[in-house]
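S.K.: The structure is given below, and queries will be raised subsequently.
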Amino acid sequence: MNLLHRHILASVLATCLAAVGLFAAVLIMGNVLKDMLGYLLAGQIQPMTFIYLLALLVPYVAAYALPMGMLAGVLLVLGRMSAQQEITAMRAAGLSLFYVARPVILLGGLATGAALLINFEFMPRARTAYKAVLAEAVQTNPLSFIVPKTFVRDFPNVVVYVEEKTGAELHDIWFWRLDDENRVQEAGRAESGDVRFDKANAALQVTLREVTVEARSDVDPEDFSRLRGTSTVGEVPLVFEVDDLFSERKKRMKFSWMTFQQLRAEQSRLARDGTAEEQMKVALAITEKASTALAVLAFAIIAVPLGIRVSRKETSANLGVALILVMAYYFLTIVVTWLEAQPAWRPDLLMWLPALLFMALGIWLFRRVERA
């Protein structure tokens with residue numbers, strides 16, 4: 001590799017790492033706000049556990065930050081080089097665009113291999129460990145499970161909202177009982193209450209006082225013209241088996257959280273006992289992980305001619321172009337996932353289309369810029 005290639009590779013690598021770090025930090029912050037903020041405020045998560053959970057989030061967000069970082073990094077570097085006439089000087093010296101882009105394509109290929117490893121191994125293991133550690137942290141302090149000003153949705157068929165909590169005392173409590181289709185069958189409000197942990201039965205006991213309950217139709221709870229009436233009750237007990245609650249939470253395993261070996265095992269099991277729709281969900285999960293890794297290379301290819309044509313030194317403009325392209329890519333993948341219940345449409349094969357489409361567009365732009 002000559003001096004020019006080393007210069008381009010070093011510039012692109014450094015900028016891509018910075019972009020990946022930026023996008024990863026944003027995604028980590030979003031996960032912290034969504035999953036951990038309430039528990040942190042309630043004191044359920046210790047500082048060391050919080051740091052460990054942050055570390056477990058890194059492989060998870062890297063699966064999404066790597067494609068975005070690659071695209072943004074290449075756009076930033078080549079956009080700057082083009083704006084400063086460096087690309088023009090290289091082409092005036094007789095160097096082809098493909099020659100200039102070799103380090104970028106090499107880096108894209110290496111990043112694709114890293115993305116495959118992250119998507120099929122590191123991310124699933126980290127995500128499973130993250131959910132287990134978070135559940136364990138909450139379980140060690142059951143009394144703090146109910147977080148004020150937060151909709152607690154982890155109880156089976158019940159949603160609870162508490163406006164204020166002082167120790168074990170609760171004030172201004174709202175609750176909703178749901179049916180198996182998550183429709184509200186009963187809605188109620190309590191002036192006060194308390195929460196206790198029954199160690200003998202490993203159960204969380206919530207007692208509501210001065211309760212007003214609105215009962216809805218069992219047949220059609222969403223038909224407000226068929227309300228069964230409103231009643232006032234002095235005290236309502238709610239009991240939740242904590243062990244069962246957390247064992248159920250730990251059992252939840254999305255296909256996207258499975259490693260390659262687990263997905264293959266699940267695929268073999270469903271081939272014998274599963275339906276065509278279930279088999280398609282597993283196949284779609286495998287394809288989505290692989291195609292997302294290929295998207296890293298596709299973004300690297302399309303970013304080279306696009307960065308040269310855009311020719312901007314401004315970081316914000318290039319990041320804006322990168323975000324638009326990434327949003328377009330993920331929108332296409334989401335559209336394909338809508339077809340997972342239609343195995344005849346072969347969404348597992350259609351999932352390759354967004355990455356291949358971006359790669360084809362990049363090659364076409366390559367040829368246009370080369371002839372310009």
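The values are calculated or read from the model by the stated rules, or taken from the named source; none is laboratory data. Keep in mind that this is a model prediction, so the values were computed, not measured. A quick note on method: Cβ atoms are made from the backbone with ideal geometry, for glycine too, and the neighbour counts reach across all protein chains shown.
S.K.: Write out, first by first residue and then by second, each pair whose Cβ atoms fall under 8 Å of each other, whose residues are 6+ apart or on separate chains, and whose first residue, in the range 152-180, is free of Cβ contacts under 8 Å to residues at least 24 places away in the same chain and at positive phi while the second is of a type outside the set (A, V, I, L, M) and not in a strand (DSSP E or B).
M.R.: Note: pairs meeting the criteria are 157/179; 157/180.
S.K.: Here's something else I'd like to know. For the range 272-294, name all the residues that are hydroxyl-bearing (Ser, Thr, Tyr) and free of Cβ contacts under 8 Å to residues at least 24 places away in the same chain.
M.R.: First, pick out the residues of the range 272-294 that are hydroxyl-bearing (Ser, Thr, Tyr): 275, 287, 291-292.
275 - this is the single residue of the range 272-294 that is hydroxyl-bearing (Ser, Thr, Tyr) and free of Cβ contacts under 8 Å to residues at least 24 places away in the same chain.
S.K.: A further question on this structure: May I ask you to list the residues in the range 139-160 that are at pLDDT 75 or above, farther than 15 Å from residue 194 by Cβ and not in a loop (DSSP other than H, G, I, E, B)?
M.R.: Passing the criteria: 151, 152, 158, 159.
S.K.: Next up: Look at residue 291 and say whether it is among the hydroxyl-bearing types (Ser, Thr, Tyr) and out of contact with any Phe, Trp or Tyr (no Cβ under 9 Å at 6 or more places or on another chain).
M.R.: Answer is no for this residue.
S.K.: Residue check: is residue 355 closer than 23 Å to residue 27 by Cα, at pLDDT below 90 and surrounded by 22 or more Cβ atoms within 10 Å (Cβ to Cβ)?
M.R.: no
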